[in-house]
1. Test GLY130 against the stated conditions and say whether it is out of contact with any His (no Cβ under 8 Å at 6 or more places or on another chain), of a type in the set (Gly, Ala, Ser) and within 18 Å of ARG229 (Cα to Cα).
2. Looking at the stretch 303-331 only, could you name the residues that are over 22 Å from VAL282 (Cβ atoms) and assigned to a helix (DSSP H, G or I)?
3. Would you check which residues across the stretch 133-154 are modelled with pLDDT of 85 or more, open to solvent by 30 Å² or more (accessible area, probe 1.4 Å) and farther than 30 Å from HIS85 by Cβ and list them?
4. Which one of these is open to solvent by 80 Å² or more (accessible area, probe 1.4 Å) and at pLDDT below 75: ARG83, ARG69?
5. Could you list, in sequence order, the residues of the stretch 287-319 that are open to solvent by 20 Å² or more (accessible area, probe 1.4 Å) and among the polar types (S, T, N, Q)?
6. Mind listing whichever residues of the stretch 533-550 are within 13 Å of the chain's Cα centre (by Cα) and either over 16 Å from LEU586 (Cβ atoms) or open to solvent by 40 Å² or more (accessible area, probe 1.4 Å) (or both)?
7. Quick check on this structure: which one of GLU371, GLU361, GLU355 is over 35 Å from the mean Cα position of the chain (by Cα), under 20 Å from ILE417 (Cβ atoms) and assigned to a helix (DSSP H, G or I)?
8. Would you mention how many residues in the stretch 534-561 are of a type in the set (Gly, Ala, Ser) and within 24 Å of SER488 (Cα to Cα)?
Amino acid sequence: MLLIARTAGPWWTSLSAAYPEQGMVLDSLTTPGNVIELAADVGELEPGEMLYSAATQFGAELGIEVPGRLRFPPYPAATSVLRLHAAALLSVLDGTGDQQRRPDVLSELLLHEARYWRTSAHRAGLALPGDVGLADEVLRRSVTVATLLGASDVLELAGLGRRLEGDQPLVWQRWLSEMYPADEQSGEFLGTLQPDLLAECLAVEVLTAMEPADLEAALAGASPTQAERALTVLGRADPGSELIKAVLRTDPVTMAGAALRVAPRFPGQFAPLVANLLSRVVIDLPRLEELALSLSTPSDELKDVGVFLTRMVIDQHSSETPRPKRAAWLALHAQRLAETNRRLAASQSWGQAIEIYEALEASDPGRYRGELVINGVNFAVNQAELGLLESAGKINESAIAVLVQLGDDDPDEYLPILVHAMINQLAWRAKAGQLEIQPKVYADTINFVRRVVEACPGADNTSLAHALSNYALYLDDGEMPQEAVRASAEVVDIYRELADRNPDAYRHDFAQAVKSHAYFLARADRPIDAVARSAEALAAYRTLVATYPAAYTGELIDVLVDHGTWLLMADCPAEAKAAGREAVTLANQRPAIHAERLAAALQLIRDAE
């Protein structure tokens, strides 16, 4: 049970829902009196301390005396909590308190599993080497490959049989299916070694010991789904970059595509390796385009990979490349450059794309008008980010005139773009000092956005949220804090609804919206309300950091400092100091990156004292 539980917390409370037929029995067995809750915060305890703490609690619950001096093999700081708890429980049940000479708990479980493989292989009639050690190694590799790749359909299952043993594919296929039958509800054609932690341990042990040629023979030619499954197992195991590099090299193009898909789930593991891998292999243009287009909205750490891929596509273009295709790729490359804040390079690429589209439109009026105006809007945004507000305004104003005409013919396609262009135009005029504080101008634009969102299926509430966010800033600059609070509250409501429907896509937008709303509440001299909203923002950011620590820890520190500041305004210095201390702890994990945030957190603590 310890190993099956992959996450900290009261996981047992959901068991009865997962097994409704046995729900009453499970509920009775998992009452608080029967479940041993253990601390699971690795950040506060070293592995040795956690082992001793867990063993002591297990011993007290089971009525077994635990020796005052427990001996365990050394465990790395990043060792799974569940693995440590399992080792602690094993030491208590053993009764000796000495785990130094005992195999690691997962290794011991794999030895038990190996006996199962051996027995079932004999029954299935598999042709194995006469030497027992060699036979066991063949079985270990076979189960590892099956665990990594799996099978989503009959063809993949048959391919596994051929991959494992060319002379007896059907026999091996049947052996795997009988040993690890698929769960009918999963839609898969093959089950896997359970629990997941055991499968991950086996995969790392076996793959690390394999020669490059054997590794390639085992994994090359996998389907995209199988490659993604294999990298997911390795991502959870976190074996280090060298093993992941070796696996990526077995089939660079397929594995690179899979790595791009799984990278957002495992920040820091795959993204740094993909560009290096792709730079070392020759990829034909269609596959290269496929990889580049797969990054429709790249995560922060994949944005550089997106630039690299679009650049590689453009570099393979020739004089034979159709001009519309080249213009489209130049525009996408410009977008990727802008996402990495390489604004000057983005301007150059957009300029080249627009030049081609202008020539195409001149030779065939109307055909490329949409592409030309959309890229004009994007180019204007990039110019504004470079501080060239006058240039941005002129380009954008021309685009707005064309979008009004295009919106009459195809409102679903062009009115949402018109909305963004109009919002940008107002924001740039205000920033350039060309627009006096005239809330009615902005309010009229907001009302227009509402009508577009209601009338066009192609538009969504993110357009309205974007408009309202800018409006709130505009009102705040104009010393109208109460109006800014109302506008930002509507932004929160929009993103809350979107995040409820699609958490992965909108949770970060929701967290940012709540953070901003707390700021406007504080500006409106409502610190208690600001504290409540920033607490909600903290909860959202903690969820984000739990999944993507590298991407969102900095923003969590910012929210903690804001939360502490609002607490000080609400005359709660002790709570403010606690928020500051948590921010300092997080910032100290990467002080070089979070130096300014660390200084802000330390200042908050001083202010609270």
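The values are calculated or read from the model by the stated rules, or taken from the named source; none is laboratory data. A quick note: this is a predicted structure, and the numbers were derived from the prediction, not measured. In this analysis, Cβ positions are derived from the backbone assuming ideal geometry, glycine residues included, and neighbour counts consider all displayed protein chains. What goes into the accessible areas is simple: the full protein's heavy atoms, side chains included, and nothing from ligands, DNA or RNA. Shrake-Rupley method; radii C 1.70, N 1.55, O 1.52, S 1.80 Å.
1. Details: out of contact with any His (no Cβ under 8 Å at 6 or more places or on another chain): yes; of a type in the set (Gly, Ala, Ser): yes; within 18 Å of ARG229 (Cα to Cα): no.
It is false that GLY130 is out of contact with any His (no Cβ under 8 Å at 6 or more places or on another chain), of a type in the set (Gly, Ala, Ser) and within 18 Å of ARG229 (Cα to Cα).
2. Let us first name the residues in the stretch 303-331 that are over 22 Å from VAL282 (Cβ atoms), namely 303, 322-324, 327-328, 330-331.
If the condition is that a residue be over 22 Å from VAL282 (Cβ atoms) and assigned to a helix (DSSP H, G or I), then LYS303, ARG323, PRO324, ALA327, ALA328, LEU330, ALA331 are the ones that fit.
3. Initially, the stretch 133-154 is screened for residues modelled with pLDDT of 85 or more, giving 133-152.
Pick out the ones that are also open to solvent by 30 Å² or more (accessible area, probe 1.4 Å) and you get 133-134, 136-138, 140-141, 152.
Across the stretch 133-154, the qualifying residues are GLY133, LEU134, GLU137, VAL138, SER152.
4. Numbers: ARG83 fails: open to solvent by 80 Å² or more (accessible area, probe 1.4 Å).
That would be ARG69, the only listed residue that is open to solvent by 80 Å² or more (accessible area, probe 1.4 Å) and at pLDDT below 75.
5. Residues of the stretch 287-319 open to solvent by 20 Å² or more (accessible area, probe 1.4 Å): 287, 289-290, 293-294, 296-297, 299-301, 303-304, 308, 311-312, 315-319.
Within the stretch 287-319, SER294, SER296, THR297, SER299, GLN316, SER318, SER319 meet the criteria.
6. If we filter the stretch 533-550 for residues that are within 13 Å of the chain's Cα centre (by Cα), which is where we start, we get 543-550.
Matches in the stretch 533-550: THR543, ALA546, THR547, TYR548, PRO549, ALA550.
7. On the way: GLU371 fails: over 35 Å from the mean Cα position of the chain (by Cα); GLU355 fails: under 20 Å from ILE417 (Cβ atoms).
Among GLU371, GLU361, GLU355, only GLU361 is over 35 Å from the mean Cα position of the chain (by Cα), under 20 Å from ILE417 (Cβ atoms) and assigned to a helix (DSSP H, G or I).
8. The initial filter retains those residues of the stretch 534-561 that are of a type in the set (Gly, Ala, Ser), namely 534-535, 537, 539-540, 546, 550-551, 554.
Within this subset, residues satisfying the condition of being within 24 Å of SER488 (Cα to Cα) are 534-535, 537, 539-540, 554.
So the answer is 6.
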